[in-house]
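Q: Have a look at this one before I ask anything.
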Amino acid sequence: MIEVKGLTKSFKDVHALKGISFKVPKGEVLGLLGENGAGKTTTLRILATMLKPTKGTAILSGHDILKNQQAVRREIGILFGGESGLYDRLTARENIAYYAELNDISKEEIKERIDYLTKILDMEEYIDRRVGKFSKGMKQKVAIARSIVHNPPIMLFDEPTSGLDVTAARTIHSFIEECRKEGKTVIFSSHSMVEVEKLCERVAIIHKGNIIEEGSIEELKIKYNKNLEDLFVE
Ligand code: ATP
């Protein structure tokens, strides 16, 4: 479903990615774990076709990121950490609809999807209010709805819980669980081994632009004598 083939990315003399390769089969949740500056965001931005690699490529649902960006974008939902990127002066519904329109979804389908997402994310009370005064948790739900409004089979989460309080982080965790149950293919980047252990079947550890370990949580536990925290010290 996702095949990353020898991705290299240099920003002038900063070699952010040094030829990484990995595969994520359909329906699997892969944790991409690494410290600050390891190359997680660069990897996910390349997969999301927001950034061009220096060398290498990736195939998502059979589409090459270098050859068919439009098709790749239709296949993916993206949820980044930090700022939600929502427009404060628009209502929650308008924010989601705006993003859906960029994805070429018909007006009728947008309405149906937003009604459905409002219900499952419990946003009825505030879906038609401007997001400017929303709490972090409320904004996070709107950002989630926006990221899946086109019902993509692949989700890319870049440190989606960074800077969030416990309640908002829980919302994200249950959303990732939900994605897994629905059979979506997920890459989820994080600094936290604890978080990755909780949510992912497999983990790839990225360090200074290289994948230094890859395997199931169980395999890595055996290899490192259960002390996965030792393997990854922030
Ligand atoms: P963090 O957890 O801090 O987000 P990360 O693992 O996501 O870290 P990246 O953001 O991918 O790491 O950065 C990898 C390296 O590439 C870092 O050394 C970073 O400074 C560098 N880098 C990333 N984007 C740029 C850019 N636009 N210009 C120059 N260097 C960059």
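The values are calculated or read from the model by the stated rules, or taken from the named source; none is laboratory data. None of these values were measured; they are calculated from a predicted model. Using ideal geometry, Cβ is built from the backbone for each residue, glycine included, and neighbour counts are taken over all protein chains shown. Side chains included, ligands, DNA and RNA excluded: accessible areas come from the protein's heavy atoms. Shrake-Rupley method; radii C 1.70, N 1.55, O 1.52, S 1.80 Å.
Q: Looking only at segment 74-83, which residues are open to solvent by 30 Å² or more (accessible area, probe 1.4 Å) and either at pLDDT 95 or above or small (Gly, Ala, Ser) (or both)?
A: Gly82
Q: Name the residues in segment 157-172 that are at pLDDT below 90 and open to solvent by less than 30 Å² (accessible area, probe 1.4 Å), would you?
A: Passing the criteria: Pro160, Thr161, Ala168, Ala169, Ile172.
Q: Run down Ile154, Ile127 and say which single residue is surrounded by 12 or more Cβ atoms within 10 Å (Cβ to Cβ), of a type outside the set (Lys, Arg) and closer than 23 Å to Leu7 by Cα. Walk me through how you get there before you give the answer.
A: Values: Ile127 fails: closer than 23 Å to Leu7 by Cα.
Ile154 is the lone residue from the list that is surrounded by 12 or more Cβ atoms within 10 Å (Cβ to Cβ), of a type outside the set (Lys, Arg) and closer than 23 Å to Leu7 by Cα.
Q: Considering each residue of segment 1-21, count those that are within 15 Å of the ligand (Cβ to nearest atom) and under 27 Å from Arg180 (Cα atoms), and give that number.
A: 3
Q: If I go through segment 55-73 residue by residue, how many of them are surrounded by fewer than 15 Cβ atoms within 10 Å (Cβ to Cβ) and within 16 Å of the ligand (Cβ to nearest atom)?
A: Adding up the residues that qualify gives 1.
Q: Also: Might you check whether a residue that is out of contact with any strand residue (DSSP E or B) (no Cβ under 9 Å at 6 or more places or on another chain), more than 16 Å from the ligand (Cβ to nearest atom) and part of a helix (DSSP H, G or I) occurs anywhere in segment 148-162?
A: No, there is no match, as no residue in segment 148-162 is out of contact with any strand residue (DSSP E or B) (no Cβ under 9 Å at 6 or more places or on another chain), more than 16 Å from the ligand (Cβ to nearest atom) and part of a helix (DSSP H, G or I).
Q: Using the structure shown, decide if Tyr87 is touching an Asp or Glu at 6+ places or on another chain (Cβ under 8 Å) and among the aromatic types (Phe, Trp, Tyr).
A: Details: touching an Asp or Glu at 6+ places or on another chain (Cβ under 8 Å): yes; among the aromatic types (Phe, Trp, Tyr): yes.
Answer is yes for this residue.
Q: While we're looking at this one, here's another question. From Glu195, Glu229, Glu214, grab the single residue that is open to solvent by 60 Å² or more (accessible area, probe 1.4 Å) and at pLDDT below 90.
A: Going through Glu195, Glu229, Glu214 in turn, the sole match is Glu229.
Q: Still on this structure: Only residues in segment 67-96 that are on the phi > 0 side of the Ramachandran plot count as the first member; pair them with residues that are small (Gly, Ala, Ser), Cβ under 9 angstrom, at least 6 apart or cross-chain, and list the lot.
A: Here the result reads Gly82/Ser162; Gly82/Gly163; Gly85/Ala143, each pair linking segment 67-96 to a residue that is small (Gly, Ala, Ser).
Q: Still on this structure, please answer the following. Are there strands (runs of 3 or more DSSP E) fully within segment 182-223 with at least 1 residues that are more than 22 Å from Ile144 (Cα to Cα)? List them.
A: Once the strands (runs of 3 or more DSSP E) in segment 182-223 are filtered for at least 1 residues that are more than 22 Å from Ile144 (Cα to Cα), what remains is 202-207, 210-216.
A quick yes/no check of all residues on (1) of a type in the set (Lys, Arg); (2) modelled with pLDDT of 95 or more; (3) more than 17 Å from the chain's Cα centre (by Cα):
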| site | (1), (2), (3) |
| --- | --- |
| Asp13 | no, no, yes |
| Ile20 | no, yes, yes |
| Leu44 | no, yes, no |
| Met50 | no, no, no |
| Pro53 | no, yes, yes |
| Leu66 | no, yes, yes |
| Gln70 | no, no, yes |
| Gly85 | no, no, no |
| Ala97 | no, yes, yes |
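Q: Kindly evaluate Asp88 against the criterion of being of a type outside the set (A, V, I, L, M) and exposed (fewer than 15 other Cβ atoms within 10 Å of the Cβ).
A: Yes; evaluated as a whole, the condition is true for this residue.
Q: List, please: which pairs have Cβ atoms under 7 Å, are six or more places apart or on different chains, and start with a residue in segment 196-220 that is free of Cβ contacts under 8 Å to residues at least 12 places away in the same chain and end with one that is open to solvent by less than 10 Å² (accessible area, probe 1.4 Å) and in a strand (DSSP E or B)?
A: Ile212/Ile205
Q: Also: Which numbered condition in (1) surrounded by 15 or more Cβ atoms within 10 Å (Cβ to Cβ); (2) within 15 Å of the ligand (Cβ to nearest atom) is the only one that Asn36 fails?
A: (1)
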